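J.: Here's a structure for you.
What follows is calculated from the coordinates using simple rules that are stated; it is not laboratory data. Keep in mind the model is a prediction, meaning the values are calculated, not measured. In this analysis, Cβ positions are derived from the backbone assuming ideal geometry, glycine residues included, and neighbour counts consider all displayed protein chains.
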């Protein structure tokens with residue numbers, strides 16, 4: 001298997017930018033790893049905050065312990081713009097790192 005294919009698979013299946021590190025392109029790897037890690041932390045922080053709100057409502061008895069009720073409560077909440085942008089960054093970096101690993105010229 002070609003090195004660039006292995007790099008693309010690493011970026012696709014492990015984490016964006018890891019394939020670039022494998023291919024010896026550390027600078028480009030950091031361009032994918034850092035924004036993806038920041039976006040993932042923002043996304044995770046939001047998800048944990050929402051989970052805490054739901055748990056608090058369940059424990060206080062203000063929400064029924066019913067999956068449909070929990071889903072409808074979560075669906076009724078608007079998604080903040082930073083979370084939407086974090087999702088776009090995650091998808092963009094993932095796709096970009098795969099494509100970059102496939103099309104970039106190998107180092108001599």
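J.: Using only Cα atoms, tell me the angle between helix 3-13 and the longest principal axis of the chain; keep it within 0 to 90° and round to the nearest 10.
T.: On a 0 to 90 degree scale, this one is about 0.
J.: Add -39500 (n - 2.57) for each DSSP H run of 4 or more in the chain, then divide by its residues: what number comes out at 222 nm, to the nearest 500 deg cm²/dmol? List each step's numbers first, then the result.
T.: Values: 5 runs with 84 residues, N = 108.
Estimated from H runs of four or more residues: -26000 deg cm²/dmol.
J.: So, one more: Using the Kirkwood radius over Cα pairs, work out the Stokes-Einstein diffusion coefficient for the chain at 37 °C and 0.692 mPa s, in µm²/s as a whole number. Don't skip to the answer; put the middle values down first.
T.: On the way: Rh = 15.9 Å.
Here the translational diffusion coefficient equals 207 µm²/s.
J.: Got the relative contact order for the range 21-95 handy, in percent, Cα pairs under 8 Å and 6 or more residues apart?
T.: Result for the range 21-95 is 51 percent.
J.: When the chain is treated as a GNM, springs tying every alpha-carbon pair under 10 Å, which of 16, 82, 67 comes out with the largest mean-square fluctuation?
T.: 67
J.: So how far apart, in nm, are the two label points at residue 5 and residue 85 if each is 7 Å from Cα heading toward Cβ?
T.: Result: 4.0 nm between the two label points.
J.: Pairing the Cα long axis of helix 26-60 with the longest principal axis of the chain, what angle in degrees results, from 0 to 90 and rounded to the nearest 10?
T.: Rounded to the nearest ten degrees, it is 10.
J.: On C-alpha positions alone, give me the angle between the axis of helix 67-76 and the longest principal axis of the chain, in degrees, nearest 10.
T.: For 67-76 against the chain, the angle is about 70 degrees.
J.: Additional query: Just to confirm my numbers, what's the Cα centroid distance between the range 1-78 and the range 88-102 in Å?
T.: 15
J.: By per-residue mean of other Cβ atoms within 10 Å, what is the highest-first order of 69-79, 49-59, 89-99, 17-27? Could the numbers behind the result be given before it?
T.: Numbers: 69-79: 10.4, 49-59: 12.3, 89-99: 17.8, 17-27: 19.4.
Ranking, from highest mean packing down: 17-27, 89-99, 49-59, 69-79.
J.: By how many nm would the segment from residue 68 to residue 54 grow when fully extended, if each residue of separation counts as 0.36 nm and the alpha-carbon distance is taken off? It would help to have the intermediate numbers written out before the result.
T.: Numbers: separation 14, 0.36 × 14 = 5.04 nm, distance 1.29 nm.
Taking 0.36 nm per residue and subtracting the Cα distance, the gain is 3.8 nm.
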